[in-house]
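Down below is the structure, laid out as C-alpha coordinates.
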Amino acid sequence: MAFEGLTERLQGALSKLRRKGKVTEADVNQAMREIRLALLEADVNFKVVKDFIKVVKEKAIGTEVLESLSPAQQIVKIVDEELTKMMGETAVPLNKSPKIPTIIMMVGLQGAGKTTTAGKLATYLIKNEKARPLMIAADIYRPAAIDQLKTVGEQVGAPVFEMGTDVNPVEIVRQGLAQAALQKNDYVLIDTAGRLQIDEALMQELADINDLARPNETLLTVDAMTGQAAVDVAEGFNSRLDITGVVLTKLDGDTRGGAALSIRAVTGKPIKFTGQGEKLNQLDVFYPDRMSSRILG
Ligand code: GDP
(Lines give C-alpha, C1' and ligand atoms only; values in the text may rest on other atoms or scores of the structure.)
Protein backbone atom coordinates (compact mmCIF):
# COMPACT_ATOMS: atom_id res chain seq x y z
CA MET A 1 0.00 0.00 0.00
CA ALA A 2 1.12 3.57 -0.69
CA PHE A 3 3.09 5.34 2.04
CA GLU A 4 3.27 2.21 4.19
CA GLY A 5 6.94 2.56 5.09
CA LEU A 6 6.67 6.29 5.62
CA THR A 7 3.60 6.01 7.83
CA GLU A 8 5.25 3.37 9.97
CA ARG A 9 8.44 5.39 10.42
CA LEU A 10 6.61 8.63 11.19
CA GLN A 11 4.37 6.90 13.68
CA GLY A 12 7.43 5.33 15.28
CA ALA A 13 9.16 8.68 15.73
CA LEU A 14 6.04 10.42 17.03
CA SER A 15 4.90 7.66 19.37
CA LYS A 16 8.26 7.82 21.15
CA LEU A 17 7.44 11.42 21.96
CA ARG A 18 3.93 10.46 23.03
CA ARG A 19 5.26 7.99 25.56
CA LYS A 20 7.19 10.70 27.36
CA GLY A 21 5.40 12.85 29.89
CA LYS A 22 7.74 15.76 29.51
CA VAL A 23 9.35 16.40 26.14
CA THR A 24 12.77 18.05 26.03
CA GLU A 25 14.53 19.85 23.24
CA ALA A 26 16.78 16.82 22.84
CA ASP A 27 13.70 14.60 22.38
CA VAL A 28 12.45 16.90 19.64
CA ASN A 29 15.83 16.85 17.93
CA GLN A 30 15.89 13.07 18.05
CA ALA A 31 12.36 12.83 16.63
CA MET A 32 13.28 15.30 13.87
CA ARG A 33 16.30 13.19 12.90
CA GLU A 34 14.04 10.17 12.57
CA ILE A 35 11.41 12.07 10.61
CA ARG A 36 14.07 13.50 8.33
CA LEU A 37 15.36 10.01 7.53
CA ALA A 38 11.84 8.67 7.04
CA LEU A 39 11.07 11.41 4.50
CA LEU A 40 14.35 10.93 2.65
CA GLU A 41 13.76 7.19 2.49
CA ALA A 42 10.30 7.87 1.10
CA ASP A 43 12.11 9.70 -1.70
CA VAL A 44 11.02 13.19 -0.76
CA ASN A 45 13.19 15.89 -2.32
CA PHE A 46 16.09 16.67 0.04
CA LYS A 47 15.58 20.42 -0.01
CA VAL A 48 11.89 20.01 0.74
CA VAL A 49 12.84 17.78 3.67
CA LYS A 50 15.38 20.30 4.93
CA ASP A 51 12.90 23.18 4.89
CA PHE A 52 10.22 21.04 6.50
CA ILE A 53 12.44 19.91 9.39
CA LYS A 54 13.63 23.46 9.99
CA VAL A 55 10.09 24.85 10.27
CA VAL A 56 8.76 22.00 12.42
CA LYS A 57 11.73 22.27 14.76
CA GLU A 58 11.34 26.04 15.10
CA LYS A 59 7.65 25.72 15.83
CA ALA A 60 8.14 22.86 18.30
CA ILE A 61 11.02 24.37 20.24
CA GLY A 62 10.55 28.08 19.74
CA THR A 63 7.07 28.37 21.20
CA GLU A 64 5.40 27.20 24.41
CA VAL A 65 4.90 23.71 23.03
CA LEU A 66 7.40 22.01 25.30
CA GLU A 67 5.93 23.62 28.40
CA SER A 68 2.37 22.77 27.42
CA LEU A 69 0.27 19.98 28.94
CA SER A 70 0.42 17.82 25.82
CA PRO A 71 3.69 18.59 24.03
CA ALA A 72 3.75 15.39 21.96
CA GLN A 73 0.24 15.92 20.71
CA GLN A 74 1.07 19.47 19.70
CA ILE A 75 4.16 18.35 17.83
CA VAL A 76 2.08 15.80 15.93
CA LYS A 77 -0.28 18.65 15.05
CA ILE A 78 2.62 20.78 13.80
CA VAL A 79 3.91 17.89 11.67
CA ASP A 80 0.42 17.40 10.26
CA GLU A 81 0.04 21.09 9.43
CA GLU A 82 3.44 21.35 7.78
CA LEU A 83 2.92 18.16 5.73
CA THR A 84 -0.37 19.66 4.55
CA LYS A 85 1.38 22.91 3.63
CA MET A 86 4.08 21.00 1.77
CA MET A 87 1.38 19.54 -0.46
CA GLY A 88 -0.34 22.88 -1.06
CA GLU A 89 -2.63 23.53 1.91
CA THR A 90 -6.01 23.42 0.14
CA ALA A 91 -7.56 21.66 -2.84
CA VAL A 92 -7.21 23.64 -6.06
CA PRO A 93 -10.20 23.30 -8.41
CA LEU A 94 -10.02 22.97 -12.18
CA ASN A 95 -9.54 26.24 -14.05
CA LYS A 96 -12.70 27.01 -15.97
CA SER A 97 -13.27 29.17 -19.00
CA PRO A 98 -15.90 31.92 -18.57
CA LYS A 99 -17.43 30.76 -21.83
CA ILE A 100 -17.62 27.24 -23.20
CA PRO A 101 -15.65 25.22 -23.87
CA THR A 102 -13.18 24.83 -21.05
CA ILE A 103 -10.15 23.31 -22.75
CA ILE A 104 -8.05 20.81 -20.85
CA MET A 105 -4.83 19.59 -22.40
CA MET A 106 -3.48 16.32 -21.03
CA VAL A 107 0.29 15.91 -21.17
CA GLY A 108 2.72 13.39 -19.74
CA LEU A 109 5.19 10.65 -20.43
CA GLN A 110 4.07 7.43 -22.05
CA GLY A 111 2.65 4.99 -19.53
CA ALA A 112 2.01 7.63 -16.89
CA GLY A 113 -1.73 7.18 -17.33
CA LYS A 114 -2.62 10.13 -19.53
CA THR A 115 -5.25 8.44 -21.69
CA THR A 116 -6.78 6.65 -18.71
CA THR A 117 -6.88 9.92 -16.79
CA ALA A 118 -8.55 11.71 -19.72
CA GLY A 119 -11.31 9.08 -19.50
CA LYS A 120 -11.50 9.41 -15.73
CA LEU A 121 -11.76 13.17 -15.99
CA ALA A 122 -14.56 12.88 -18.56
CA THR A 123 -16.32 10.49 -16.18
CA TYR A 124 -15.83 12.91 -13.28
CA LEU A 125 -17.17 15.88 -15.26
CA ILE A 126 -20.18 13.97 -16.58
CA LYS A 127 -21.03 12.71 -13.10
CA ASN A 128 -20.40 15.88 -11.11
CA GLU A 129 -21.34 18.59 -13.57
CA LYS A 130 -23.55 16.77 -16.05
CA ALA A 131 -20.96 17.97 -18.56
CA ARG A 132 -20.81 17.13 -22.25
CA PRO A 133 -17.11 16.74 -22.90
CA LEU A 134 -15.52 16.07 -26.27
CA MET A 135 -12.24 14.20 -26.27
CA ILE A 136 -9.68 14.82 -29.00
CA ALA A 137 -7.26 12.03 -29.93
CA ALA A 138 -4.05 13.87 -30.76
CA ASP A 139 -1.59 11.10 -30.00
CA ILE A 140 -0.85 9.86 -33.51
CA TYR A 141 2.38 8.03 -32.73
CA ARG A 142 0.91 5.26 -30.65
CA PRO A 143 -1.92 3.95 -32.87
CA ALA A 144 -3.40 2.02 -29.96
CA ALA A 145 -3.86 5.31 -28.11
CA ILE A 146 -6.68 6.36 -30.44
CA ASP A 147 -8.52 3.05 -30.00
CA GLN A 148 -7.93 3.22 -26.26
CA LEU A 149 -9.47 6.69 -26.12
CA LYS A 150 -12.40 5.59 -28.27
CA THR A 151 -13.05 2.62 -26.00
CA VAL A 152 -12.91 4.87 -22.96
CA GLY A 153 -15.17 7.41 -24.68
CA GLU A 154 -17.77 4.71 -25.38
CA GLN A 155 -17.63 3.53 -21.77
CA VAL A 156 -18.21 6.97 -20.34
CA GLY A 157 -20.51 8.28 -23.06
CA ALA A 158 -18.22 11.01 -24.36
CA PRO A 159 -17.62 11.48 -28.10
CA VAL A 160 -14.04 11.19 -29.35
CA PHE A 161 -12.80 13.30 -32.25
CA GLU A 162 -10.08 11.57 -34.25
CA MET A 163 -8.50 11.80 -37.69
CA GLY A 164 -6.37 8.68 -37.61
CA THR A 165 -2.59 8.83 -37.51
CA ASP A 166 -1.72 10.58 -40.78
CA VAL A 167 -2.76 14.11 -39.88
CA ASN A 168 -0.64 16.59 -37.96
CA PRO A 169 -1.73 16.73 -34.29
CA VAL A 170 -2.07 20.52 -34.40
CA GLU A 171 -4.50 20.19 -37.32
CA ILE A 172 -6.42 17.47 -35.47
CA VAL A 173 -6.80 19.78 -32.50
CA ARG A 174 -7.87 22.68 -34.75
CA GLN A 175 -10.63 20.60 -36.34
CA GLY A 176 -11.57 19.02 -33.02
CA LEU A 177 -12.08 22.44 -31.49
CA ALA A 178 -14.22 23.47 -34.47
CA GLN A 179 -16.35 20.38 -33.91
CA ALA A 180 -16.70 21.19 -30.21
CA ALA A 181 -17.83 24.71 -31.11
CA LEU A 182 -20.48 23.30 -33.47
CA GLN A 183 -21.71 20.76 -30.94
CA LYS A 184 -21.49 23.24 -28.06
CA ASN A 185 -19.45 20.90 -25.90
CA ASP A 186 -18.71 22.49 -22.54
CA TYR A 187 -15.37 20.72 -22.09
CA VAL A 188 -12.70 19.62 -24.51
CA LEU A 189 -10.11 17.12 -23.33
CA ILE A 190 -7.07 16.89 -25.58
CA ASP A 191 -5.09 13.66 -25.31
CA THR A 192 -1.59 14.43 -26.55
CA ALA A 193 1.36 12.21 -27.39
CA GLY A 194 3.68 10.87 -24.74
CA ARG A 195 7.23 9.62 -24.98
CA LEU A 196 9.42 7.48 -22.80
CA GLN A 197 11.29 10.62 -21.87
CA ILE A 198 11.09 14.32 -22.52
CA ASP A 199 12.51 15.22 -25.93
CA GLU A 200 12.61 18.39 -27.96
CA ALA A 201 10.33 17.18 -30.77
CA LEU A 202 7.61 16.27 -28.31
CA MET A 203 7.93 19.55 -26.42
CA GLN A 204 7.73 21.51 -29.66
CA GLU A 205 4.60 19.65 -30.71
CA LEU A 206 2.97 20.25 -27.33
CA ALA A 207 3.97 23.92 -27.43
CA ASP A 208 2.37 24.22 -30.89
CA ILE A 209 -0.87 22.60 -29.69
CA ASN A 210 -0.74 24.85 -26.65
CA ASP A 211 -0.38 27.98 -28.82
CA LEU A 212 -3.34 26.96 -30.94
CA ALA A 213 -5.70 25.69 -28.26
CA ARG A 214 -4.78 28.11 -25.45
CA PRO A 215 -6.02 25.61 -22.85
CA ASN A 216 -7.51 26.77 -19.57
CA GLU A 217 -5.84 23.85 -17.92
CA THR A 218 -2.69 21.98 -18.85
CA LEU A 219 -2.73 18.89 -16.70
CA LEU A 220 0.44 16.89 -16.34
CA THR A 221 -0.04 13.22 -15.56
CA VAL A 222 2.79 11.73 -13.55
CA ASP A 223 3.27 8.26 -12.15
CA ALA A 224 3.61 8.36 -8.36
CA MET A 225 5.51 5.08 -8.45
CA THR A 226 8.48 6.76 -10.10
CA GLY A 227 9.27 8.91 -7.05
CA GLN A 228 11.81 11.67 -7.62
CA ALA A 229 11.75 10.99 -11.36
CA ALA A 230 8.14 12.18 -11.33
CA VAL A 231 9.30 15.47 -9.85
CA ASP A 232 12.01 15.85 -12.51
CA VAL A 233 9.43 15.15 -15.21
CA ALA A 234 7.14 17.79 -13.75
CA GLU A 235 9.94 20.35 -13.78
CA GLY A 236 10.85 19.42 -17.35
CA PHE A 237 7.31 19.82 -18.68
CA ASN A 238 6.71 22.93 -16.66
CA SER A 239 9.76 24.70 -18.04
CA ARG A 240 8.29 24.49 -21.55
CA LEU A 241 4.56 24.43 -21.11
CA ASP A 242 3.56 26.27 -17.99
CA ILE A 243 1.48 23.43 -16.63
CA THR A 244 -1.43 24.45 -14.43
CA GLY A 245 -1.91 21.28 -12.46
CA VAL A 246 -0.70 17.76 -11.82
CA VAL A 247 -2.55 14.45 -11.72
CA LEU A 248 -0.64 11.95 -9.64
CA THR A 249 -1.53 8.45 -10.85
CA LYS A 250 -1.08 4.99 -9.36
CA LEU A 251 -1.34 6.13 -5.76
CA ASP A 252 -3.07 2.79 -5.18
CA GLY A 253 0.28 1.08 -5.75
CA ASP A 254 3.00 0.76 -3.16
CA THR A 255 4.59 4.13 -3.85
CA ARG A 256 6.90 5.41 -1.16
CA GLY A 257 5.19 8.78 -1.49
CA GLY A 258 8.05 11.08 -2.45
CA ALA A 259 6.30 12.46 -5.52
CA ALA A 260 3.12 13.32 -3.64
CA LEU A 261 5.14 15.15 -1.02
CA SER A 262 7.60 16.97 -3.28
CA ILE A 263 5.87 17.99 -6.49
CA ARG A 264 4.03 20.99 -5.13
CA ALA A 265 6.98 22.34 -3.18
CA VAL A 266 9.47 21.84 -6.02
CA THR A 267 7.39 23.00 -8.99
CA GLY A 268 4.92 25.35 -7.30
CA LYS A 269 2.14 23.62 -9.26
CA PRO A 270 -0.82 22.11 -7.45
CA ILE A 271 -1.71 18.44 -7.51
CA LYS A 272 -5.36 18.62 -8.55
CA PHE A 273 -6.31 14.94 -8.77
CA THR A 274 -4.95 11.53 -7.87
CA GLY A 275 -5.47 8.27 -9.69
CA GLN A 276 -6.30 5.43 -7.33
CA GLY A 277 -6.75 2.49 -9.70
CA GLU A 278 -7.33 1.48 -13.30
CA LYS A 279 -11.11 1.91 -13.26
CA LEU A 280 -12.63 5.04 -14.73
CA ASN A 281 -14.23 6.13 -11.47
CA GLN A 282 -10.94 5.88 -9.57
CA LEU A 283 -10.02 9.54 -9.74
CA ASP A 284 -10.07 11.67 -6.59
CA VAL A 285 -9.81 15.40 -6.00
CA PHE A 286 -6.56 15.98 -4.12
CA TYR A 287 -6.98 17.36 -0.60
CA PRO A 288 -3.59 18.05 1.01
CA ASP A 289 -5.00 17.81 4.55
CA ARG A 290 -6.60 14.43 3.92
CA MET A 291 -3.42 13.15 2.32
CA SER A 292 -1.44 14.31 5.33
CA SER A 293 -3.81 12.45 7.68
CA ARG A 294 -3.49 9.37 5.50
CA ILE A 295 0.30 9.57 5.63
CA LEU A 296 0.36 10.05 9.39
CA GLY A 297 -2.00 7.09 9.67
P1 GDP B 1 -0.51 6.88 -21.22
O2 GDP B 1 0.56 6.24 -22.08
O3 GDP B 1 0.07 7.96 -20.36
O4 GDP B 1 -1.70 7.33 -21.97
O5 GDP B 1 -0.93 5.76 -20.16
P6 GDP B 1 -2.25 4.86 -20.09
O7 GDP B 1 -3.45 5.69 -19.80
O8 GDP B 1 -2.31 3.97 -21.26
O9 GDP B 1 -1.93 4.04 -18.73
C10 GDP B 1 -0.83 3.15 -18.63
C11 GDP B 1 -1.19 2.03 -17.66
O12 GDP B 1 -1.35 2.54 -16.34
C13 GDP B 1 -2.50 1.34 -18.00
O14 GDP B 1 -2.35 -0.03 -17.79
C15 GDP B 1 -3.48 1.95 -17.00
O16 GDP B 1 -4.55 1.07 -16.70
C17 GDP B 1 -2.59 2.16 -15.80
N18 GDP B 1 -3.06 3.21 -14.90
C19 GDP B 1 -3.39 4.50 -15.20
N20 GDP B 1 -3.74 5.18 -14.08
C21 GDP B 1 -3.66 4.31 -13.05
C22 GDP B 1 -3.89 4.40 -11.62
O23 GDP B 1 -4.25 5.45 -11.05
N24 GDP B 1 -3.67 3.27 -10.89
C25 GDP B 1 -3.27 2.09 -11.46
N26 GDP B 1 -3.07 1.04 -10.67
N27 GDP B 1 -3.03 1.98 -12.78
C28 GDP B 1 -3.22 3.05 -13.56
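Of all residues in segment 164-183, which are free of Cβ contacts under 8 Å to residues at least 40 places away in the same chain and within 23 Å of Ile100 (Cα to Cα)? Walk me through it before giving the result.
Taking segment 164-183 and keeping what is free of Cβ contacts under 8 Å to residues at least 40 places away in the same chain, we get 164-168, 171-172, 174-175, 178, 182.
Glu171, Ile172, Arg174, Gln175, Ala178, Leu182, listed by residue number.
Please go through segment 1-55 and give me each residue that is of a type in the set (Val, Ile, Thr), in a helix (DSSP H, G or I) and surrounded by fewer than 19 Cβ atoms within 10 Å (Cβ to Cβ), ordered by number.
Initial filter on segment 1-55 (of a type in the set (Val, Ile, Thr)): 7, 23-24, 28, 35, 44, 48-49, 53, 55.
In the following step, the residues that additionally are in a helix (DSSP H, G or I) were identified as 7, 28, 35, 48-49, 53, 55.
Thr7, Ile53, Val55, listed by residue number.
Inside segment 244-260, can you point out the residues that are more than 15 Å from the ligand (Cβ to nearest atom) and over 10 Å from the mean Cα position of the chain (by Cα)?
Of segment 244-260, the ones more than 15 Å from the ligand (Cβ to nearest atom) are 244-245, 256, 258.
If the condition is that a residue be more than 15 Å from the ligand (Cβ to nearest atom) and over 10 Å from the mean Cα position of the chain (by Cα), then Thr244, Arg256, Gly258 are the ones that fit.
Assigned to a loop (DSSP other than H, G, I, E, B), in contact with a strand residue (DSSP E or B) (Cβ under 6 Å, 6 or more places away or on another chain) and either among the basic types (Lys, Arg) or within 16 Å of the ligand (Cβ to nearest atom) (or both) - does that describe any residue in segment 72-94?
No: segment 72-94 contains no residue that is assigned to a loop (DSSP other than H, G, I, E, B), in contact with a strand residue (DSSP E or B) (Cβ under 6 Å, 6 or more places away or on another chain) and either among the basic types (Lys, Arg) or within 16 Å of the ligand (Cβ to nearest atom) (or both).
Here are some residues: Ala145, Ala118. Which one is buried (at least 16 other Cβ atoms within 10 Å of the Cβ), of a type in the set (Gly, Ala, Ser) and at pLDDT below 95? First the steps, then the outcome.
On the way: Ala118 fails: at pLDDT below 95.
Going through Ala145, Ala118 in turn, the sole match is Ala145.
Considering only segment 39-57, I want to know if a residue exists there that is farther than 21 Å from Ala2 by Cβ, aliphatic (A, V, I, L, M) and within 16 Å of the ligand (Cβ to nearest atom).
Scanning segment 39-57 turns up no residue that is farther than 21 Å from Ala2 by Cβ, aliphatic (A, V, I, L, M) and within 16 Å of the ligand (Cβ to nearest atom).
Out of all the residues in segment 179-216, which are among the charged types (D, E, K, R), touching a Ser or Thr at 6+ places or on another chain (Cβ under 8 Å) and outside any loop (DSSP other than H, G, I, E, B)? So that I can check it myself, show each step before the final result.
To start, the set of residues in segment 179-216 that are among the charged types (D, E, K, R) comprises 184, 186, 191, 195, 199-200, 205, 208, 211, 214.
With touching a Ser or Thr at 6+ places or on another chain (Cβ under 8 Å) added as a condition, the list becomes 186, 191, 205.
The answer is Asp191, Glu205.
Looking at (1) within 13 Å of the ligand (Cβ to nearest atom); (2) under 20 Å from Gly119 (Cβ atoms); (3) of a type in the set (A, V, I, L, M), which is the only condition Leu202 fails?
So the condition that Leu202 fails would be (2).
Under 8 Å between Cβ atoms, at least 6 apart or on separate chains: pull out the pairs that start in segment 48-64 with a residue that is without any contact (Cβ under 8 Å) to a residue 24 or more places away in the chain and end on any residue that is surrounded by fewer than 16 Cβ atoms within 10 Å (Cβ to Cβ) and in a helix (DSSP H, G or I).
Between residues of segment 48-64 that are without any contact (Cβ under 8 Å) to a residue 24 or more places away in the chain and residues that are surrounded by fewer than 16 Cβ atoms within 10 Å (Cβ to Cβ) and in a helix (DSSP H, G or I), the close pairs are Val49/Leu40.
So for segment 109-131 (the condition being under 20 Å from Ile209 (Cβ atoms), more than 8 Å from the ligand (Cβ to nearest atom), touching a residue at least 12 places away in the same chain (Cβ under 8 Å) and not in a helix (DSSP H, G or I)), does at least one residue qualify?
No: segment 109-131 contains no residue that is under 20 Å from Ile209 (Cβ atoms), more than 8 Å from the ligand (Cβ to nearest atom), touching a residue at least 12 places away in the same chain (Cβ under 8 Å) and not in a helix (DSSP H, G or I).
Using the structure shown, decide if Ala137 is crowded, with 18+ Cβ neighbours inside 10 Å, within 16 Å of the ligand (Cβ to nearest atom) and part of a loop (DSSP other than H, G, I, E, B).
On the way: crowded, with 18+ Cβ neighbours inside 10 Å: yes; within 16 Å of the ligand (Cβ to nearest atom): yes; part of a loop (DSSP other than H, G, I, E, B): no.
Here the answer is no, as Ala137 does not meet what is asked.
Return the residues of segment 179-203 that are loosely packed, with under 14 Cβ neighbours inside 10 Å and under 23 Å from the mean Cα position of the chain (by Cα); say none if nothing qualifies.
Going residue by residue through segment 179-203, those that are loosely packed, with under 14 Cβ neighbours inside 10 Å are 181-184, 196-197, 199-201.
Correct list: Leu196, Gln197, Asp199.
The values are calculated or read from the model by the stated rules, or taken from the named source; none is laboratory data. Remember, predicted model here, so these are calculated numbers, not experimental data. We place every Cβ from the backbone using ideal geometry, glycine too, and count neighbours over all the protein chains shown.
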